[in-house]
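Step one of this worksheet: look at the structure below.
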Amino acid sequence: MTTADSSALVVFSGGQDSATCLAWALSRYERVETIGFSYGQRHAVEMECREPIRQALARLSPLWAGRLGPDRVIPLNVLGEVSVSALTADLPVAGSRLDGLPATFVPGRNLVFLTFAAIVAFQRGLKRVVTGVCETDFSGYPDCRDDTVKALQTALNLGMNARLVLETPLMWIDKAETWTLAETLGGNALVDIIVQETHTCYKGDRSTRHDWGFGCGECDACRLRAAGWQRYSRLRSEEVEDLPSR
């Protein structure tokens, strides 16, 4: 029987970052469960990507298959009703709000997600909650910052008399390094899964296939993902060129 120290709950949206985090957790912990949130997001297609990604990761490694536990989806439509954003309403995804934050910022989203994830982890006896938030390459969301996550971890532990750890494996790496991390964890096979199966586009576009995956190619999420892929691909090419010839 595994201990709490060898288990984790991954906040899993179906996007590139959370899929990489799921692989990261499966490579470290003996029991890994996942949780997702349906909050009225306009890119709800990401929810349809979640289970195919879980199954693809299980097929990729017998060890990961044995470690992958149950998934649960929490309905949070009320968040989309009270937190108006270009991700929860038919508004332009480009530009900024009146307060200067990105139009796609959903106020309180990560705070709510991590709070519900912490409740589930606490009830399930899981020590860690893994999330793919990042301060290096992000769209300017204040709830993705390291200070925010650390403050919330303190509040959650005080409020539940717990010792939970909010893990953020992507916090200090950029999108190119996230692609590299995926390759390190699962080789080209994992990179291919992330390209083909994950969804990041804010507009929910899965009609257009790019080298880096599906998306409109214009929203902030697509631009970050594409730029990271280009840099990752360039670095890989340079590494190949630097190999000594036989």
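The values are calculated or read from the model by the stated rules, or taken from the named source; none is laboratory data. Just so it is clear, the structure is predicted and the values come from calculations on it, not from any experiment. Neighbour counts are summed over all protein chains in view; Cβ atoms, including those assigned to glycine, are modelled from backbone coordinates with ideal geometry.
Does the stretch 195-211 include one or more residues that are small (Gly, Ala, Ser) and in contact (Cβ under 8 Å) with a residue 12 or more places away in the chain? Walk me through how you get there before you give the answer.
From the stretch 195-211, those small (Gly, Ala, Ser) are 204, 207; that's our starting set.
Checking the rest, the ones that are also in contact (Cβ under 8 Å) with a residue 12 or more places away in the chain come to 204.
Yes: one or more hits.
Can you confirm whether the stretch 16-27 contains a residue that is more than 25 Å from LEU111 (Cα to Cα) and outside any strand (DSSP E or B)? Spell out the reasoning first.
Step one: of the stretch 16-27, the residues more than 25 Å from LEU111 (Cα to Cα) are 27.
Filter once more, keeping what is outside any strand (DSSP E or B): 27.
Yes; the residues of the stretch 16-27 include at least one that is more than 25 Å from LEU111 (Cα to Cα) and outside any strand (DSSP E or B).
If you go through the stretch 77-95, how many residues are under 12 Å from ARG42 (Cβ atoms) and of a type in the set (Asp, Glu)?
Total meeting the criteria: 1.
Filter the stretch 55-102 for residues that are under 18 Å from the mean Cα position of the chain (by Cα), within 20 Å of ALA117 (Cα to Cα) and either basic (Lys, Arg) or assigned to a helix (DSSP H, G or I) (or both) and give the result.
Across the stretch 55-102, the qualifying residue is only ARG72.
Look through ARG59, ARG50 and report the one residue that is surrounded by 15 or more Cβ atoms within 10 Å (Cβ to Cβ) and either of a type in the set (S, T, N, Q) or within 30 Å of ARG31 (Cβ to Cβ) (or both). So that I can check it myself, show each step before the final result.
On the way: ARG59 fails: surrounded by 15 or more Cβ atoms within 10 Å (Cβ to Cβ).
Every option except ARG50 fails the conditions.
Scan the stretch 24-70 residue by residue and report those that are among the polar types (S, T, N, Q) and either touching a residue at least 40 places away in the same chain (Cβ under 8 Å) or on the phi > 0 side of the Ramachandran plot (or both).
Quick first cut of the stretch 24-70, residues among the polar types (S, T, N, Q) only: 27, 34, 38, 41, 55, 61.
Result: SER27, GLN41, SER61.
Check the stretch 115-128 and report whether any residue there is in contact with a helix residue (DSSP H, G or I) (Cβ under 6 Å, 6 or more places away or on another chain) and at pLDDT 95 or above. Break it down stepwise before answering.
Looking only at the stretch 115-128, we keep the residues that are in contact with a helix residue (DSSP H, G or I) (Cβ under 6 Å, 6 or more places away or on another chain), and these are 118, 122, 125, 127.
Now drop any that are not at pLDDT 95 or above, which leaves 118, 122.
Yes, that holds for at least one residue.
Condition first: hydrophobic (A, V, I, L, M, F, W, C) and within 9 Å of the chain's Cα centre (by Cα). Now tell me which residues in the stretch 1-50 satisfy that.
Within the stretch 1-50, the first condition is being hydrophobic (A, V, I, L, M, F, W, C), and the residues that meet it are 1, 4, 8-12, 19, 21-26, 32, 35, 37, 44-45, 47, 49.
Result: VAL10, VAL11, PHE12, ALA19, CYS21, LEU22.
May I ask you to say which residue of THR180, THR184 is polar (S, T, N, Q), crowded, with 17+ Cβ neighbours inside 10 Å, without any contact (Cβ under 8 Å) to a residue 60 or more places away in the chain and not in a loop (DSSP other than H, G, I, E, B)? Don't jump to the end; show me each part of the working.
Working: THR184 fails: crowded, with 17+ Cβ neighbours inside 10 Å.
The unique qualifying residue is THR180.
Would you please name the residue that is surrounded by the fewest Cβ atoms within 10 Å (Cβ to Cβ), looking only at residues in the stretch 115-135 that are touching a residue at least 40 places away in the same chain (Cβ under 8 Å) and among the polar types (S, T, N, Q)?
The extreme case among them is THR115.
So for the stretch 13-28 (the condition being crowded, with 16+ Cβ neighbours inside 10 Å, aliphatic (A, V, I, L, M) and farther than 20 Å from LEU114 by Cα), does at least one residue qualify?
No, there is no match, as no residue in the stretch 13-28 is crowded, with 16+ Cβ neighbours inside 10 Å, aliphatic (A, V, I, L, M) and farther than 20 Å from LEU114 by Cα.
Could you grab the pairs with beta carbons closer than 7 Å, sequence gap of 6+ or different chains, first residue in the stretch 140-161 and under 14 Å from VAL11 (Cβ atoms), second one surrounded by 12 or more Cβ atoms within 10 Å (Cβ to Cβ) and of a type in the set (Gly, Ala, Ser)?
Once the first residue is under 14 Å from VAL11 (Cβ atoms) and sits in the stretch 140-161, its partners that are surrounded by 12 or more Cβ atoms within 10 Å (Cβ to Cβ) and of a type in the set (Gly, Ala, Ser) give LEU156/ALA118; LEU156/ALA162.
With the requirement that a residue be buried (at least 18 other Cβ atoms within 10 Å of the Cβ) and either of a type in the set (D, E, K, R) or in a strand (DSSP E or B) (or both), what does the stretch 221-241 give you?
ARG225
What number goes with the only condition from (1) touching a Pro at 6+ places or on another chain (Cβ under 9 Å); (2) in a helix (DSSP H, G or I); (3) not basic (Lys, Arg) that LEU158 does not pass?
(1)
I'm told GLU197 meets every condition in (1) more than 14 Å from the chain's Cα centre (by Cα); (2) modelled with pLDDT of 95 or more except one. Can you identify the failing condition by its number?
(1)
Select from the stretch 121-143 the residues that are acidic (Asp, Glu) and assigned to a loop (DSSP other than H, G, I, E, B) and write down the one among them that is nearest to VAL165 (Cα to Cα). I'd like the intermediate steps shown before the answer.
Narrowing the stretch 121-143 to residues acidic (Asp, Glu): 135, 137, 143.
Next, only the ones that are assigned to a loop (DSSP other than H, G, I, E, B) stay: 135, 137.
On the way: GLU135: 18, ASP137: 23 Å.
Residue satisfying both the conditions and the ranking: GLU135.
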